[in-house]
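Right, one structure below, let's go through it.
Each reported figure results from applying straightforward, stated rules to the coordinates on display, with no laboratory input. This is a predicted model, so every value here is computed, not measured. No Cβ is skipped: glycine too gets one built from the backbone with ideal geometry, and neighbour counts run over all protein chains shown.
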Amino acid sequence: MIPDPGELDAIINRALAEDAVGSDATSLSLIPPNLEATASLVTKQPGILAGIHIADAVFKRVNPDLKFVCRLQDGDRLAAGKTLATVSGSIASILSGERTALNFLQRMSGIATLTDLYVSAVEGTNASIVDTRKTVPGLRRLDKYSVHIGGGRNHRMNLSDGVLIKDNHIAALRSTGNTLEQLIKQARSTAPHTLKIEVEVESVEGAISAASAGADIVMLDNMHPDDMRSAVAQISDQCIVEASGGITLANVAEVASTGVDFISIGALTHSPMALDISLDYQTKIT
């Protein structure tokens with residue numbers, strides 16, 4: 001799920017260009033070129049680490065002579081005060097790349113940490129926590145990689161990864177007079193045979209209709225847990241059942257108890273709280 005080297009280079013280059021790292025007015029004005037430092041990446045709160053290799057790549061892009069040493073790896077569970085890595089060399093280069101490196105590391109670790117909370121909340125059930133396409137434009141692979149590191153699973157990477165017939169698709173095609181069964185049949189005949197067909201529904205009756213029409217996956221959207229439980233009892237032997245919409249840490253365990261196979265949560269990537277990570281410096285003149 002992590003971007004290939006070419007895509008990762010492009011992501012990092014855009015981020016550094018956005019911050020005008022090569023024109024750091026403060027460092028150029030104040031920092032002597034011979035001033036070096038060793039800085040420690042330290043987390044101020046517990047969580048799950050994700051993106052440490054991205055931080056490494058950012059600093060190396062700013063200055064290939066910087067030395068980055070990982071103390072921990074992605075997926076490691078963090079305690080407050082833990083040192084994640086150290087970076088040594090030109091303090092001007094470290095200062096120039098600091099914010100970009102931390103932005104990646106804090107967001108990715110925040111996503112992994114939030115995902116871990118959801119995964120822990122449904123432990124002991126058959127439900128898997130999955131993400132959505134509600135990601136930062138241009139950073140989807142990093143967002144979804146972070147979900148994976150947190151123990152979640154990835155839904156569609158993009159629109160080509162599966163057929164998902166939502167309410168707006170049905171509304172847009174209402175004038176054609178096609179039934180849901182006909183729409184599923186058309187998708188089955190025209191889409192690549194390897195793709196699954198998923199249908200979003202908002203009622204038990206809709207779930208039964210979609211399953212009977214041949215959907216591979218039925219998504220129960222914003223349904224009450226009692227209705228989810230009823231739908232699962234009637235269609236789980238015909239298709240995969242996914243729950244989505246209005247799911248929080250407060251109710252995800254109840255949703256999982258209904259017997260659904262997947263619980264998709266947009267908040268994993270559209271509303272994560274960045275993990276509090278800082279750089280602490282110790283300078284020396286060489």
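Data overview
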read-out	value
Taking region 119-270 and dividing mean pair separation by its residue count, relative contact order in percent (alpha carbons under 8 Å, at least six apart)	30
Tail fraction, Cα-Cα pairs, region 119-270, threshold 24 Å, whole percent	33
Assigned charges on the beta-carbon of Lys, Arg, Asp, Glu; region 144-286 dipole about Cα centre (debye)	560
Gyration tensor (Cα) of region 2-136, equivalent ellipsoid semi-axes in angstrom	31, 17, 12
Relative packing of peptides 163-173, 102-112 - highest average C-beta neighbours within 10 Å first	102-112, 163-173
Selection from N63, N222, M108, by position along the positive dipole direction of the chain (Cβ)	N63
Two-decimal Rg to Rh for the chain - Kirkwood Rh, Cα set	1.10
Charge dipole (the chain, unit charges on Cβ, about Cα centre) - positive-most of V260, H53, L195	H53
Hull-based mean projected area of region 119-179, where the convex hull spans the alpha carbons, in square nanometres	6.1
Protection-proxy order for peptides 26-37, 82-93, 255-266, each taking the mean of Cβ atoms within 10 Å per residue, highest first	255-266, 82-93, 26-37
Residue among N178, N126, N13 with the largest mean-square fluctuation in a Gaussian network model of the chain, springs linking Cα atoms under 10 Å	N178
Rounded to the nearest 20 debye, dipole of the chain from Cβ charges on Lys, Arg, Asp, Glu	640
Cβ-placed point charges (K, R +1; D, E -1), dipole of region 201-265 about Cα centre in debye, nearest 20	80
